[in-house]
1. I'd like to verify a number: residues in segment 158-179 that are open to solvent by 10 Å² or more (accessible area, probe 1.4 Å), within 16 Å of the ligand (Cβ to nearest atom) and part of a strand (DSSP E or B), how many?
2. Have a look at Ala222, Ala204 and point out the one that is assigned to a loop (DSSP other than H, G, I, E, B) and open to solvent by 10 Å² or more (accessible area, probe 1.4 Å).
3. Would segment 36-52 turn up any residue that is open to solvent by 10 Å² or more (accessible area, probe 1.4 Å), part of a helix (DSSP H, G or I) and either at pLDDT 95 or above or away from the ligand (no atom under 16 Å from the Cβ) (or both)?
4. Consider Ala86 against the criteria (1) open to solvent by less than 60 Å² (accessible area, probe 1.4 Å); (2) closer than 23 Å to Tyr149 by Cα; (3) of a type in the set (Gly, Ala, Ser): it satisfies all of them except one. Which criterion is unmet?
5. Please go through (1) open to solvent by 10 Å² or more (accessible area, probe 1.4 Å); (2) within 10 Å of the ligand (Cβ to nearest atom); (3) assigned to a helix (DSSP H, G or I) for Arg182 and return the number of the only condition it doesn't satisfy.
6. Given the criteria within 12 Å of the ligand (Cβ to nearest atom) and either open to solvent by 10 Å² or more (accessible area, probe 1.4 Å) or among the hydrophobic types (A, V, I, L, M, F, W, C) (or both), does Leu99 qualify?
7. Between Val152, Val189, which is out of contact with any Ser or Thr (no Cβ under 6 Å at 6 or more places or on another chain), assigned to a loop (DSSP other than H, G, I, E, B) and more than 19 Å from Ala9 (Cβ to Cβ)?
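The values are calculated or read from the model by the stated rules, or taken from the named source; none is laboratory data. Keep in mind it's a predicted model, so treat the numbers as computed, not measured. Note that we place each Cβ from the backbone using ideal geometry, even for glycine, and neighbour counts take in every protein chain shown. Only protein heavy atoms, including side chains, enter the accessible area calculation; ligands, DNA and RNA are left aside. Shrake-Rupley method; radii C 1.70, N 1.55, O 1.52, S 1.80 Å.
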Amino acid sequence: MTRTLTVGAAQLGPIARDEPRGRVVERMLALLEVADNKRCKLVVYPELALTTFFPRWFTEDQGEIDSFFESEMPGPETQRLFDEAARRGIGFCLGYAELAEEPGRLRRFNTSILVDSGGNIIGKYRKVHLPGHGEYEPQRPFQHLEKRYFEVGDLGFPVFRGFGGIMGMCICNDRRWPETYRVMGLQGVEMVMLGYNTPQINAAVYEPGHLRMFHNHLSMQAGAYQNGVWVIGVAKAGVEEGVEHIGGSCIISPTGEIVAQCRTTGDELITYDCDLDFGRYIRDTTFNFAKHRRIEHYGLITERTGEIPPP
Ligand code: CDT
């Protein structure tokens, strides 16, 4: 029996700072309808899909920052998305800012959830590789304060059985790190879903503009091939509050090839019929981990964080 999963990558265009959550959810519902018409069973939305990318601004007002967070999921505005997706029998992956209330403390994470076709949350991931900086940096044209507003995720890189396969998630900057995919690969992951908000310019250092899209696709394509998995990469794109973000949302096969790609930087849905068995031959041959990995030589990967050249 073939295990074909029709997936939709639901790219979102810019979200203004004052755009209400309810309006964003309406845009997501419009993409969900297109996905349904194309017989999708799973729709992947971007990182921090419900709001503007607020880490571009510095503030010491925690109340202002918390207004971008969700303290419940589903919440008052997102319940409609859960209900409508379940009515259509479509699952989804959603990125959002999570405010978690734990005994005696509040915690804040950059989070993705996986929701099954019945509207049940079956997986959660909290972003591990937080990019940027923790304090205001005046030399930057805009800030990237994820290290200020979020904690490092505490769930590792779990995978989940669902949609007839083994599913994993990561978020934006995680896609650039080979460890992200490999830790999921070692758990047999067959599809990795991720959202991203990637500014068109590197605000920390000069870098030619074309490299932003090149590195975006390069890292996801390498992760797909080196682990024999499908990768669904979904952008929040376009000029958002004066900062241009790349699009390039795409569906990547386990061969590392892009099989579908968005053409715009606005709200746009692309789809593909993903055969979840397609990566098997890669994982049985070139990247047969059990046969070829040499863990006795990989100790530094977990023992050392930064580089230390020889004396
Ligand atoms: N959201 C996110 O992780 N964006 C980063 C930009 C890093 S620039 C400090 C990315 O990897 O695309």
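1. Of the residues in segment 158-179, 0 are open to solvent by 10 Å² or more (accessible area, probe 1.4 Å), within 16 Å of the ligand (Cβ to nearest atom) and part of a strand (DSSP E or B).
2. Details: Ala222 fails: assigned to a loop (DSSP other than H, G, I, E, B).
It is Ala204.
3. There is at least one residue in segment 36-52 that is open to solvent by 10 Å² or more (accessible area, probe 1.4 Å), part of a helix (DSSP H, G or I) and either at pLDDT 95 or above or away from the ligand (no atom under 16 Å from the Cβ) (or both).
4. Unmet for Ala86, out of (1) open to solvent by less than 60 Å² (accessible area, probe 1.4 Å); (2) closer than 23 Å to Tyr149 by Cα; (3) of a type in the set (Gly, Ala, Ser): (2).
5. Of (1) open to solvent by 10 Å² or more (accessible area, probe 1.4 Å); (2) within 10 Å of the ligand (Cβ to nearest atom); (3) assigned to a helix (DSSP H, G or I), only one is false for Arg182: (2).
6. no
7. Values: Val189 fails: more than 19 Å from Ala9 (Cβ to Cβ).
Selected residue: Val152, the only one of Val152, Val189 that is out of contact with any Ser or Thr (no Cβ under 6 Å at 6 or more places or on another chain), assigned to a loop (DSSP other than H, G, I, E, B) and more than 19 Å from Ala9 (Cβ to Cβ).
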